[in-house]
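The values are calculated or read from the model by the stated rules, or taken from the named source; none is laboratory data. Just so it is clear, the structure is predicted and the values come from calculations on it, not from any experiment. Neighbour counts run over all protein chains shown; Cβ positions are idealised from the backbone, glycine included.
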């Protein structure tokens, strides 16, 4: 059983609702790019004056007493949202009829317990719409399209008992079937004015003259047109929200975790019902004093197990604790396709993604955000030209073994350590470092390097590779001289 | 069945619940080895560093510990496995790692945070504690083929004060996770927990200037001495001839490759 609500002349109704003083006056709405604006709607008073849809603005303005207004799409959208909300109050399954503005079809099967029989439901629905400032026709019928046609063709409430759709539609004019101009002309030429006359024609003859469109129109006129309802469903992502108000402010994170566990569980249940996983979770904590603390946990791979998700939330909140007591909390989740991987027997060892995520979160808590991850080198010759990126090892895959020689690694001093250097003929001869006196046994350099000379961040230095020795030890280091600060420092040790 | 065999069977049956196969000789499996990427060292170690146990490399500065570890990590990451570098002194040079052909995306680098106001050498304990905790977490998580615990800049008096229980736990965890834990230290501190103990030494000095050319640091020659190898017996079974305990190898600077 379908109930269809149709607000006739929707655009004009919306304009009148926005400006109540227009209700008693004749007005027409125009739309389009000036100066090619055309009339798209007019109220009853304007139509009785002779204004019709499709007229130009200039033609509309020739009628005395008719106000010409611009159509406001935003107002229509707002009005549509109001009608949508009303429709949602009467049925969980609603469909928007796109052919007619503001028209909704409701599946009212099983709603008797809440709203009474079909007549009562239709009256209540119409009453509710009128309370919100709109006039609407409501029709209830077993057939979807029959209900739509009746709502368009009859004023007020129309109830059609099952099986009597054809009788109900008999006297309706043909325009309720949403005819194309060509078909309307054809039927006018044939002398067909009502749905009943169209239904009385032989189907095969109609098909032979109009094709499949004729068959569709014949079924519509008889009230037997099949229709598969596509109810509007709320967006899944919007449903992935959990909110909780606390009875009293909470300072500690531990009691909060019990609540978070419950909320995360609910979110996971919802996500799993769609065979998805959680891609990211945003925690919003409303704090005492009106502040808001927001954290986002975004695991490398979508998660679908509660302990891992909860542990990640806990570690993140422990690393970044809120500054005041918590009054309420919200959890927003984003769904993602779960991670599927084809493992192989002969692939090299790799960390298990879920476990790795938790370990990385623990390590970040222990060492700091910027001290855990992989390295990405920058295209720069400045020392320490690299950035840390999240550790996400690619799938195990053997790469070609290089046949290059072994490299002498440099152990970098971070930050560089200042040293005293004694020069002989502009070449270092002794180095005083960390309370030790080193003699320079061999030296290579200076290698002058500089960069960013075009900006304020310019830098330059002279690098020397030196073999330093004491009585019982020897080491090879890279020392550098900074001409700006006139300072010597150790960049690192070759090891 | 001989009398001794009967007695043996009787003893084993009695102890079966507590010690299974108490008197049967346990055949030790040869451990899986990771190549170090240095042919000379692999020859001495019988194939490389053992998986699932601790390898300790001790030596002074500029004796090739870091170069050796980077070479090993490069070979392991190139095989497709993930590795971690626990850097107590925050001394790893990413440029050197890249030049050593380490697959950077497979290397997790953990940089211990040092107090900026104080010298790095002044406060080693907080960083050491962090490093030990981080290593423990990585070993417990599993999945890493090799973990390098770089304590090269930690003074010997601090490194030897690390309680032995840490090394016992690491040994068991490494065995369980099948991870090669490589320690870089100035002096041996893992004692009997390390399956392979190596000592790195400087070898013959390569002069900066050869044949009167402009002085240029082109590389070093290092020596690695095998002090202890718990898997030597299994290695011996494979190699009929006892391998040497010393290996000398060359390491070049990246710019000398260009020449």
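How about segment A:466-487: which of its residues are over 17 Å from residue B:59 (Cβ atoms) and under 56 Å from the mean Cα position of the chain (by Cα)?
Once the filter is applied, which keeps residues that are over 17 Å from residue B:59 (Cβ atoms) and under 56 Å from the mean Cα position of the chain (by Cα), segment A:466-487 yields A:478, A:479, A:480, A:481, A:482, A:483, A:484, A:485, A:486, A:487.
Answer yes or no as to whether residue B:187 is surrounded by fewer than 17 Cβ atoms within 10 Å (Cβ to Cβ), under 17 Å from the mean Cα position of the chain (by Cα) and either more than 25 Å from residue A:434 (Cβ to Cβ) or at pLDDT below 95 (or both).
So residue B:187 fits the description; yes.
Mind counting the residues in segment A:97-133 that are buried (at least 18 other Cβ atoms within 10 Å of the Cβ), out of contact with any helix residue (DSSP H, G or I) (no Cβ under 7 Å at 6 or more places or on another chain) and either at pLDDT below 90 or outside the structural domain of residue A:8 (by TED's automatic domain parsing) (or both)?
Final tally of qualifying residues: 1.
For residue A:466, only one of the following conditions fails: (1) buried (at least 19 other Cβ atoms within 10 Å of the Cβ); (2) at pLDDT below 90. What is its number?
Condition (2) is where residue A:466 drops out.
Across segment B:236-251, what is the number of residues that are at pLDDT 65 or above and either over 18 Å from residue B:42 (Cβ atoms) or more than 9 Å from chain A (Cβ to nearest Cβ) (or both)? First the steps, then the outcome.
Of all residues in segment B:236-251, those at pLDDT 65 or above come to B:244-251.
Cutting the leftovers down to either over 18 Å from residue B:42 (Cβ atoms) or more than 9 Å from chain A (Cβ to nearest Cβ) (or both) gives us B:244-248.
Qualifying residue count for the region: 5.
Looking at residue B:64 and the list (1) at pLDDT below 90; (2) touching a strand residue (DSSP E or B) at 6+ places or on another chain (Cβ under 9 Å); (3) at positive phi, which single condition is not satisfied?
Answer for residue B:64: the failing condition is (1).
Being within 7 Å of chain B (Cβ to nearest Cβ), over 43 Å from the mean Cα position of the chain (by Cα) and surrounded by 19 or more Cβ atoms within 10 Å (Cβ to Cβ), is that true of even one residue in segment A:416-439?
No, segment A:416-439 contains no residue that is within 7 Å of chain B (Cβ to nearest Cβ), over 43 Å from the mean Cα position of the chain (by Cα) and surrounded by 19 or more Cβ atoms within 10 Å (Cβ to Cβ).
Quickly run through segment A:336-363 and pick out the residues that are in contact with a strand residue (DSSP E or B) (Cβ under 6 Å, 6 or more places away or on another chain) and away from every other protein chain (no Cβ under 14 Å).
The answer is A:336, A:338.
Need the failing condition index for residue A:457 against (1) at the interface with chain B (Cβ under 9 Å from one of its Cβ atoms); (2) exposed (fewer than 15 other Cβ atoms within 10 Å of the Cβ), just the number.
(1)
Looking at B:148, B:120, B:102 in this structure, which one is surrounded by 24 or more Cβ atoms within 10 Å (Cβ to Cβ), more than 7 Å from chain A (Cβ to nearest Cβ) and either more than 17 Å from the chain's Cα centre (by Cα) or modelled with pLDDT of 95 or more (or both)?
None of the other options fit; the residue is B:148.
Residues of segment A:34-70 being at positive phi and free of Cβ contacts under 8 Å to residues at least 40 places away in the same chain, which ones?
Our first condition is that a residue be at positive phi; within segment A:34-70, this holds for A:50, A:54, A:65.
Those that are at positive phi and free of Cβ contacts under 8 Å to residues at least 40 places away in the same chain: A:50, A:54.
Every residue, every condition in (1) touching a strand residue (DSSP E or B) at 6+ places or on another chain (Cβ under 9 Å); (2) over 30 Å from residue A:405 (Cβ atoms), yes or no:
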site	(1), (2)
B:108	yes, no
B:157	no, yes
B:161	no, yes
B:170	yes, yes
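Tell me whether segment A:379-395 contains one or more residues that are away from chain B (no Cβ under 11 Å), farther than 19 Å from residue A:483 by Cα and within 45 Å of the chain's Cα centre (by Cα).
Yes, the conditions are met somewhere in segment A:379-395.
For residues that are at pLDDT 85 or above and touching a helix residue (DSSP H, G or I) at 6+ places or on another chain (Cβ under 9 Å), scanning just segment B:16-37, find the one that is farthest from residue A:408 (Cα to Cα).
Across segment B:16-37, the extreme among qualifying residues is B:33.
Report, by residue number, each residue of segment B:58-72 that is touching a helix residue (DSSP H, G or I) at 6+ places or on another chain (Cβ under 8 Å) and either free of Cβ contacts under 8 Å to residues at least 60 places away in the same chain or within 23 Å of residue A:367 (Cβ to Cβ) (or both).
Answer for segment B:58-72, where residues must be touching a helix residue (DSSP H, G or I) at 6+ places or on another chain (Cβ under 8 Å) and either free of Cβ contacts under 8 Å to residues at least 60 places away in the same chain or within 23 Å of residue A:367 (Cβ to Cβ) (or both): B:66, B:70.
Just for strands (runs of 3 or more DSSP E) wholly inside segment A:409-495: which have at least 2 residues that are without any contact (Cβ under 8 Å) to a residue 40 or more places away in the chain?
Output list reads A:410-424, A:427-433, A:436-451, A:459-469, A:474-482.
When you check residue B:52 against the structure, is it under 21 Å from residue B:188 (Cα atoms), facing chain A (nearest Cβ under 10 Å) and in contact (Cβ under 8 Å) with a residue 40 or more places away in the chain, yes or no? Break it down stepwise before answering.
Working: under 21 Å from residue B:188 (Cα atoms): yes; facing chain A (nearest Cβ under 10 Å): no; in contact (Cβ under 8 Å) with a residue 40 or more places away in the chain: yes.
Here the answer is no, as residue B:52 does not meet what is asked.
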